[in-house]
Amino acid sequence: MEKLMKAWFIVALITFILFKLGEVMTTTYDGTASEGNLYWVVLILGWPFILLFIWITIRLTRTVVASVHPLGKIGLLLGLILMAMISWTTNLTQAESLRAAIRSSEHARFSEGWNQFTNIIYMNQLTFFLLTVSCMVIGVMWSYLPKKERTE
C-alpha cells in the first residue's frame, strides 16, 4: 500500500501540473487570437497520466476506506458528493463569467467550444479537484463490494 501511495502522489503531482498548464497556456480573452490551441500537445502527452491518476485514486480510496465502518463510509460518500457539487457549481459560475467576458470582447466568436481562450474552463484546478473527488466517490462506493480473495 505504501508503494501505491507514493505512486499516487507522483502521478497526482504530474496530473495537477497538466491541469495547471491549462490555466497557464490559456490566452487571455483581451489578447490576440492565435493560430490554434497548443494545449492539445500537453493533453496528448498527458492523457496516460490522467488515466493512471483516475485508476490509482479509485484503487487507493477503495483500499483505504475498506476498513471503515459502513456508517462512516456513508458520511464520507455524502461529504465527497457535497464537495463535488460545490466544485461543479463554482466551475460553472467561473465558466459562465469567462464566456460573458469573451462575448463582450472582440473575440465573441470564440465564446463557445474549446479554444485558446476557453482552456481554463475545462482544465483548471477546480476540474482537477472535481476529478479527484469523483474518483474518491467511486472508490468509496466500490468499497461496499466484497473484495475477491486471490487463490494461489
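Summary of values
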read-out	value
Residue count for the range 5-17, restricted to those that are buried (at least 20 other Cβ atoms within 10 Å of the Cβ) and hydrophobic (A, V, I, L, M, F, W, C)	1
Where GLY46 falls short, out of the listed (1) in a helix (DSSP H, G or I); (2) closer than 18 Å to ASN119 by Cβ; (3) without any contact (Cβ under 8 Å) to a residue 12 or more places away in the chain; (4) of a type outside the set (A, V, I, L, M)	(3)
Residue in the range 22-31 that is farther than 20 Å from LEU130 by Cα, surrounded by fewer than 13 Cβ atoms within 10 Å (Cβ to Cβ) and either in contact with a strand residue (DSSP E or B) (Cβ under 7 Å, 6 or more places away or on another chain) or not hydroxyl-bearing (Ser, Thr, Tyr) (or both) present	yes
Helices (runs of 4 or more DSSP H) completely within the range 60-152 that count 2 or more residues being without any contact (Cβ under 8 Å) to a residue 24 or more places away in the chain	70-103
Any hit, the range 20-31, residues being among the polar types (S, T, N, Q), in a helix (DSSP H, G or I) and either at pLDDT below 90 or under 19 Å from GLN125 (Cβ atoms) (or both)	no
Index of the failed condition, LEU145 passing every other in (1) surrounded by fewer than 13 Cβ atoms within 10 Å (Cβ to Cβ); (2) of a type in the set (A, V, I, L, M, F, W, C); (3) over 23 Å from TRP55 (Cβ atoms)	(3)
The range 84-127 - residue that is within 15 Å of the chain's Cα centre (by Cα) and β-branched (Val, Ile, Thr) and, of those, surrounded by the fewest Cβ atoms within 10 Å (Cβ to Cβ)	THR89
Checking VAL64 against (1) within 19 Å of the chain's Cα centre (by Cα); (2) within 16 Å of TRP8 (Cβ to Cβ), the condition it does not meet	(1)
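Okay, residues lined up against (1) of a type in the set (Val, Ile, Thr); (2) surrounded by 13 or more Cβ atoms within 10 Å (Cβ to Cβ):
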| site | (1), (2) |
| --- | --- |
| LEU45 | no, no |
| ILE50 | yes, yes |
| ILE54 | yes, yes |
| THR63 | yes, yes |
| VAL68 | yes, yes |
| LEU77 | no, yes |
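The values are calculated or read from the model by the stated rules, or taken from the named source; none is laboratory data. Here the structure is a predicted model, which is why all the values come from computation and not from measurement. Because the Cβ atoms are built from the backbone with ideal geometry, glycine has one as well, and the counts that use them run over all protein chains shown.
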